[in-house]
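The values are calculated or read from the model by the stated rules, or taken from the named source; none is laboratory data. Source: prediction; values computed, not measured. Every residue, glycine among them, receives a Cβ derived from its backbone with ideal geometry; neighbour counts consider all protein chains shown. Just so you know, the surface numbers come from the protein's heavy atoms only, side chains and all, with ligands and any DNA or RNA stripped out. Shrake-Rupley method; radii C 1.70, N 1.55, O 1.52, S 1.80 Å.
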Amino acid sequence: MGSSSSSSSSSSSSSSPPPSPEFRKPWRETQWDKKEVLEKNLRELKLSDPNVKHIRILLTGQIGAGKSSFINSVNSAFQGRITTEALADAGDAATSFSFTKTYRTYYIRDGQSVLPFVFNDIMGLESGESQGAHPKDIVKSLEGLLKEGHKFNPVMSAKNEDCRSNPSSEDLTYCLVYVIAADQVSVMDDDVFIKMRYIRQKASDLEIPQVIVMTKVDEACRLVKEDLRKIYTSKKIKEKMQVCSNSVGVPMSHVFPVKNYHEEIDTKDDMDVLILSALTQIVQIADDLLKTRKPEN
Ligand SMILES: Nc1nc2c(ncn2[C@@H]2O[C@H](COP(=O)(O)OP(=O)(O)OP(=O)(O)O)[C@@H](O)[C@H]2O)c(=O)[nH]1
Ligand SMILES: [Mg+2]
């Protein structure tokens, strides 16, 4: 009798339910019902230096990570409709060449006015010496040296004669954003991380703040795909954010998960809230640098 009860208790403990994929409470606050407030604050933002009209944010990351889609998503959130100005790859992300090949500045419009922040979209990083954007070009862009329309050449960084010699405050980058796909971060090639760490070192030397936008959260977690509001209760998403943070060396407080517009035909408030929350943090971090930095002449 005694032995049978002890064997039944050990079998019940070995078949205990699997751990829940969710935390009981979100570990970060999100203003799900405050989309208009987030939008208004960004629209009415006053930069710390009145001489700078637009604060420049540079996006870098692996090919197909969702850099162009993030710019389009920000624009879509402000327009209230899907826009594709930065032209993202229309196909599956499994392409081996960068869809973005030219250096361009994207302005975000809100009705008639242009918002006080701009994005630079850059060719994606790829493993291998002569694949994807040249890391030195990304550093030149951080320093405000790359000219608009520059055509990326994976084999060779931009020549000095093709670069600006006297960048203005507007040409400088005030925040570097690593765009990393949540479903790819655990399988990303070491070579891409090596390139990112090279860029990170140079950005740190220039005292440029860095953040991570983690895209494709819908591809990494089924719960989140079904309900974006589970973003900060999903254990899987937190785990992916931690991998991003450790791999690049950016603290968790600077990692922002988003779902980009990619197949939707209308904008959605929950997607907009995550995108605008990430943008609010990025712009504040960039503006902190603007307070202190002037171009070196
Ligand atoms: N499911 C999902 N797909 C996404 C998301 N963001 C981007 N995509 C898709 O991923 C693919 C690549 O996106 P892009 O924005 O072109 O990526 P990129 O980083 O600009 O790529 P390159 O310019 O080639 O370096 C496209 O097919 C997008 O539709 C997302 O949050 N979720
Ligand atoms: Mg692109």
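Within region 112-129, the set of residues being within 16 Å of ligand 1 (Cβ to nearest atom) and closer than 18 Å to Asp190 by Cα comprises Gly124, Leu125, Glu126, Ser127, Gly128. Could you please let me know if Asp92 is at pLDDT below 85, away from ligand 1 (no atom under 13 Å from the Cβ) and among the charged types (D, E, K, R)? In short, no. Yes or no: Leu38 at pLDDT 95 or above and assigned to a helix (DSSP H, G or I)? The answer is yes for Leu38.
Would you please list the contacts, defined by Cβ atoms under 6 Å and residues six or more apart or on different chains, that run from a residue in region 210-235 that is under 20 Å from His254 (Cβ atoms) and open to solvent by 30 Å² or more (accessible area, probe 1.4 Å) to a residue that is of a type in the set (D, E, K, R) and at pLDDT below 95? Here the result reads none, with nothing in region 210-235 linked to a residue that is of a type in the set (D, E, K, R) and at pLDDT below 95. Out of Glu36, Glu143, I need the residue that is open to solvent by 20 Å² or more (accessible area, probe 1.4 Å), under 27 Å from Arg200 (Cβ atoms) and more than 16 Å from ligand 2 (Cβ to nearest atom). Which one? Matching residue, one of Glu36, Glu143: Glu143. For Asp121, state whether it is at pLDDT 90 or above, acidic (Asp, Glu), open to solvent by less than 10 Å² (accessible area, probe 1.4 Å) and under 26 Å from Arg293 (Cβ atoms). No.
Looking across region 39-52, the residues that are surrounded by 10 or more Cβ atoms within 10 Å (Cβ to Cβ) and under 24 Å from the mean Cα position of the chain (by Cα) come down to Glu39, Lys40, Asn41, Leu42, Arg43, Leu45, Leu47, Ser48, Val52.
For region 98-118, a residue qualifies if it is within 11 Å of ligand 2 (Cβ to nearest atom) and among the hydrophobic types (A, V, I, L, M, F, W, C), and exactly one does: Phe99. Looking only at region 251-258, decide whether some residue is surrounded by fewer than 21 Cβ atoms within 10 Å (Cβ to Cβ), of a type in the set (S, T, N, Q), out of contact with any Phe, Trp or Tyr (no Cβ under 6 Å at 6 or more places or on another chain) and at pLDDT below 95. No; the residues of region 251-258 include none that is surrounded by fewer than 21 Cβ atoms within 10 Å (Cβ to Cβ), of a type in the set (S, T, N, Q), out of contact with any Phe, Trp or Tyr (no Cβ under 6 Å at 6 or more places or on another chain) and at pLDDT below 95.
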